1. Listed residues ILE226, ILE263, ILE276, ILE271; which is at pLDDT 75 or above and assigned to a helix (DSSP H, G or I)?
2. Quick check: is even one residue across the range 27-37 over 26 Å from LYS127 (Cβ atoms), surrounded by 15 or more Cβ atoms within 10 Å (Cβ to Cβ) and either modelled with pLDDT of 90 or more or not assigned by TED's automatic domain parsing to the domain that holds GLU250 (or both)?
3. Is it the case that ILE5 is surrounded by 13 or more Cβ atoms within 10 Å (Cβ to Cβ), at negative phi, without any contact (Cβ under 8 Å) to a residue 24 or more places away in the chain and among the hydrophobic types (A, V, I, L, M, F, W, C)?
4. Name the single residue that is surrounded by the most Cβ atoms within 10 Å (Cβ to Cβ) among those in the range 138-172 being modelled with pLDDT of 85 or more and among the polar types (S, T, N, Q).
5. Could you identify the single residue in ASP154, ASP132 that is closer than 26 Å to HIS100 by Cβ and part of a helix (DSSP H, G or I)?
6. Exactly one condition in (1) loosely packed, with under 15 Cβ neighbours inside 10 Å; (2) among the basic types (Lys, Arg); (3) in the same structural domain as ILE111 (by TED's automatic domain parsing) is not met by LYS16; state its number.
7. If SER69 meets every condition in (1) over 25 Å from TYR30 (Cα atoms); (2) surrounded by 17 or more Cβ atoms within 10 Å (Cβ to Cβ); (3) modelled with pLDDT of 90 or more apart from one, which number is that one?
Amino acid sequence: MARCINLIKGVGVNVKLLRGERQGVGVAMYKGLMIANGMYVLFLDADNILREEFVSKIIPLLTKGSFVSVLSKGVILRGWRGLYYAGQLLATLRKGLVFHRRYGFVNILYIWRRDLVLTLSKIVYPKLSLLDQIDVKKLIELHITKTKNHGHVDEVLIEDHRHVYEAYSLSFIYRRLRWYWGALRTIRDVLKLIDVKMYLLLLPLTITLMIILAATLGSELLLALISIYLTLLGITEALARLTRKNPLIELFASITWLPAHLIVKSALAYIVIVSIIKARCKLK
């Protein structure tokens, strides 16, 4: 951390490092707002990287007093890409992301006026982002009313490189599960279980497949499903390469790959469980 701060200071940027008290990201963001002395703020996560042209695109708009928004996009380097696409689609359905004709699933980030954010800031859930606890629509309207000029840069200037630093070790899984458990109640309050409801819509497909499997279960089917699953993973990897250049393929993967993953994985899990039960019955 100290090395990073020194690098930033080395290029003439006035940076302040605040040591938190593990009270939550919402509290940390609010404290940052209070101690900052600039006119504008941009909230970034540790995995966000600004593209080289960010400053040259943004500064001219800010000097005109515009309310500025830019595009950001997640970068997939590893992980369950099929579920990643599904997450993108679900986030879009709940209005968390938008689908861009050139860049695929993107997020819109705003450069806020610090004083206007403070007028609406109220910490209700310390563990959630401050922006999840603000009426963002009202905040945007307030900015447009005050500045009377909205400048949108229709380019991806911010990248989300989450998978760069996430190592899927046991300690990482433990930390992630502990965070989810601690924030579960507040996340439910904010999302109103919308994601859960969307997943539940896919249950009829899975149940239908389970009925078919129950009627035709056999060892040949197990081998067939394993082959299908491996093929599924191979296609997902191929799509991951194609989606970098073709947003329509990314949209297709998002619509089709979550049901495919759920159905095949559910079928495999069902067969394994049934096989174990049968084996135990034979031993008895």
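The values are calculated or read from the model by the stated rules, or taken from the named source; none is laboratory data. Please read all numbers here as calculations on a predicted model, not as lab measurements. In this analysis, Cβ positions are derived from the backbone assuming ideal geometry, glycine residues included, and neighbour counts consider all displayed protein chains.
1. That would be ILE263, the only listed residue that is at pLDDT 75 or above and assigned to a helix (DSSP H, G or I).
2. For the range 27-37, residues over 26 Å from LYS127 (Cβ atoms), surrounded by 15 or more Cβ atoms within 10 Å (Cβ to Cβ) and either modelled with pLDDT of 90 or more or not assigned by TED's automatic domain parsing to the domain that holds GLU250 (or both): absent.
3. Judged against the criteria, ILE5 is a match.
4. THR147
5. Every option except ASP132 fails the conditions.
6. LYS16 satisfies every listed condition except (3).
7. (1)
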